[in-house]
DNA sequence: AGGTTGTTTCGAGATCTGTCAAGGTAGAGA
DNA sequence: TCTCTACCTTGACAGATCTCGAAACAACCT
């Protein structure tokens, strides 16, 4: 299914993995990565993502009832997650199954790694 | 300055740190955390955040020239980062200085931690 | 064919991004 | 002290984008 999704983020193009707390991110990389954070920036999508990521895979039929939203709305949110490159899906028989894309998920986490090296000095010592 | 910012996210309320890949996030937590991801979901704010996070602190006067945007626009984006609880600021003399809030930043990173335990099975073995 | 499951299309209302104009705050100089 | 200037934020606004549901569509099974 997502093989036909041409708008999907190309993970190879995401300059990989230097934490943003180590070196300022250049503009092109920011444009590539921001859509991933944006996709997680909605409470419904964040919960969908966590439901998908906490199991090997999950059927849409198990996702939809967890929300007080219509089927089409859930489908839209899932599409956003797919186009951000965070999840993958395929149909098997009647049902459509979603699973996380570990590379994307790990890259995002790596960007947020934080070493105290650049932390603000303690106000007391400043 | 940000002491008067009443809309700022209360970090104590952010159910702390269980990676979303380990356990599905409940609705209330999602509502609290999503604004942080949303704040990083814009290329300009992502770059601002990385510029702030990669040094102990930085003056707005050093942030603005890095973008092809007006002062008020940068100020608005900084306000979004502030209200998301990701950064802090205070005025010292003429200039306003921004610095990262390490607790918030680390919490966000912790949420994205990924253990292969729940990774999708290799398609070959599926 | 008929029923179930998901996605797409389309439209209304809300939210976001950016600019200009105006306001507040602090330092410098007369 | 009074004014001038620099720095940054706020308010008001237009245009773009997002969220969501109703209806239509597509894929699959029996």
Scan region A:84-91 and tell me whether some residue there is more than 8 Å from every other protein chain (Cβ to nearest Cβ), free of Cβ contacts under 8 Å to residues at least 12 places away in the same chain, out of contact with any strand residue (DSSP E or B) (no Cβ under 7 Å at 6 or more places or on another chain) and near DNA strand D (Cβ under 10 Å from one of its atoms).
no
Residue B:41: passes all of (1) more than 10 Å from DNA strand C (Cβ to nearest atom); (2) crowded, with 21+ Cβ neighbours inside 10 Å but (1)
So, of the residues in region B:50-68 that are free of Cβ contacts under 8 Å to residues at least 40 places away in the same chain and facing another protein chain (nearest Cβ under 9 Å), which turns out to be nearest to residue B:86 (Cα to Cα)?
B:50
Within region B:29-49, residues within 21 Å of residue B:111 (Cβ to Cβ) and free of Cβ contacts under 8 Å to residues at least 24 places away in the same chain come out as B:29, B:30, B:31, B:32, B:34, B:41, B:46
Here's a check for you: in region B:64-81, which residue that is more than 8 Å from DNA strand D (Cβ to nearest atom) and buried (at least 18 other Cβ atoms within 10 Å of the Cβ) is nearest to the chain's Cα centre (by Cα)?
B:81
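Rundown of residues vs (1) within 16 Å of DNA strand D (Cβ to nearest atom); (2) at pLDDT 95 or above; (3) over 13 Å from residue A:42 (Cβ atoms), yes/no style:
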{"position": "B:7", "(1), (2), (3)": "yes, no, yes"}
{"position": "B:15", "(1), (2), (3)": "no, no, yes"}
{"position": "B:31", "(1), (2), (3)": "yes, yes, no"}
{"position": "B:42", "(1), (2), (3)": "yes, yes, yes"}
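Filter region A:117-126 down to the residues that are at the interface with chain B (Cβ under 7 Å from one of its Cβ atoms) and either at pLDDT 95 or above or under 11 Å from residue B:53 (Cα atoms) (or both) and list them by number.
A:118, A:119, A:120
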How many residues of region A:15-34 are facing chain B (nearest Cβ under 7 Å) and under 16 Å from the mean Cα position of the chain (by Cα)? The answer is 4
Can you report the number of residues in region B:45-63 which are near DNA strand D (Cβ under 10 Å from one of its atoms) and surrounded by fewer than 16 Cβ atoms within 10 Å (Cβ to Cβ)?
3
Is it fair to say residue B:36 is under 19 Å from residue A:115 (Cβ atoms), within 16 Å of DNA strand C (Cβ to nearest atom) and in a helix (DSSP H, G or I)?
no
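The values are calculated or read from the model by the stated rules, or taken from the named source; none is laboratory data. Since the model is a prediction, treat every value here as computed from it, not as a measurement. Neighbour counts are summed over all protein chains in view; Cβ atoms, including those assigned to glycine, are modelled from backbone coordinates with ideal geometry.
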